[in-house]
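The values are calculated or read from the model by the stated rules, or taken from the named source; none is laboratory data. Please read these numbers as outputs of a predicted model, since none were measured by experiment. All Cβ positions, even for glycine, are placed from backbone atoms using ideal geometry, and neighbour counts span all protein chains on display. In case anyone asks, the SASA skips ligands and DNA or RNA and just uses the protein heavy atoms, side chains included. Shrake-Rupley method; radii C 1.70, N 1.55, O 1.52, S 1.80 Å.
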Amino acid sequence: MANKTTNLRTAWTIAAVVAAMVGASFAAVPLYQEFCKATGYGGVLRTAETESATQGKRIINVHFDTNVSGDLPWSFQPEVDSINLRTGQTATVFFKVKNLSNQETAAIASYNVSEQVSPWFYKISCFCTSEQHLGPGESAELPVVFYLDPELENDAAMKGVEQVTLSYTFYPSKTETKPVADANKKANDTVR
């Protein structure tokens, strides 16, 4: 009888451990994403509600890289290839996007900067936080508002960095398409 009780207890313990491991695996992705957002780890941009309170002395060239997934019929490019930005200064850059197909499409953008720079790169507003919908042949200008934290000037790893690249890639949305919104109005409302 004692052997049967021990086996039953062992089975329940193993089942509980397996259930805990499955639960942890489901929680790992969202927890890791939140960790990356909070720390800038993994090239994820940090977010800010307002502009930087101070400006630094260094000027860094910010280069913009745009990509579109092969199965998305969009063109996508920055209005300028790069800008020179003083640390702490807020910049607004627009990206042109156009639906090249004859049907409504929806997409969402992923973004990245180098892991070395990401703790210092703050976005205030970005089209990458929401799904974008474009009707047949429709185009839009999508803004990004950001700054480089002047505290990067105190980071020894950033001493030789003169250029950073902000990269975006649009992917088809996995959700059902919705009615076409006025993308240009939405983009302009985001900036103002």
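General observations
- Centroid-to-centroid, using Cα positions, the stretch 84-106 and the stretch 53-74 are 9 Å apart.
- Residue-level accessible surface for SER167, protein heavy atoms, 1.4 Å, Å²: 30
- When each of LYS96/LYS123; LYS96/LYS159; LYS98/LYS159 is checked by Cα-Cα distance, pairs over 30 Å: LYS96/LYS159; LYS98/LYS159
- Carbon/sulfur fraction of accessible area - the stretch 76-149, other protein chains in place, 1.4 Å, %: 43
- Under 5 Å, built H, 5+ apart or other chain: amide partners of SER125: VAL145
- Multiplying the residue separation of SER167 and ALA15 by 0.36 nm and removing their Cα-Cα distance gives an extension gain of 50.3 nm.
- Computed over the Cα atoms of the stretch 37-153, the ratio of the radius of gyration to the Kirkwood radius (Rg/Rh) comes to 1.01.
- Potential lengthening between LYS159 and ILE83 on full extension [0.36 nm per residue; Cα-Cα distance subtracted]: 25.4 nm
- In the complete set of protein chains, residue-level accessible area for PHE64 is approximately 10 Å², probe 1.4 angstrom.
- Rounded to the nearest Hz, the phi-derived 3J(HN,Hα) couplings of the stretch 146-162 under the Karplus curve 6.51 cos²θ - 1.76 cosθ + 1.60 (θ = phi - 60°) are 7, 8, 9, 4, x, 5, 4, 5, 9, 8, 4, 5, 9, 4, x, 7, 10, where x marks glycine and proline.
- Here the label points at THR129 and LYS96, each 7 Å from Cα along the C-beta direction, are separated by 2.7 nm in the simple model.
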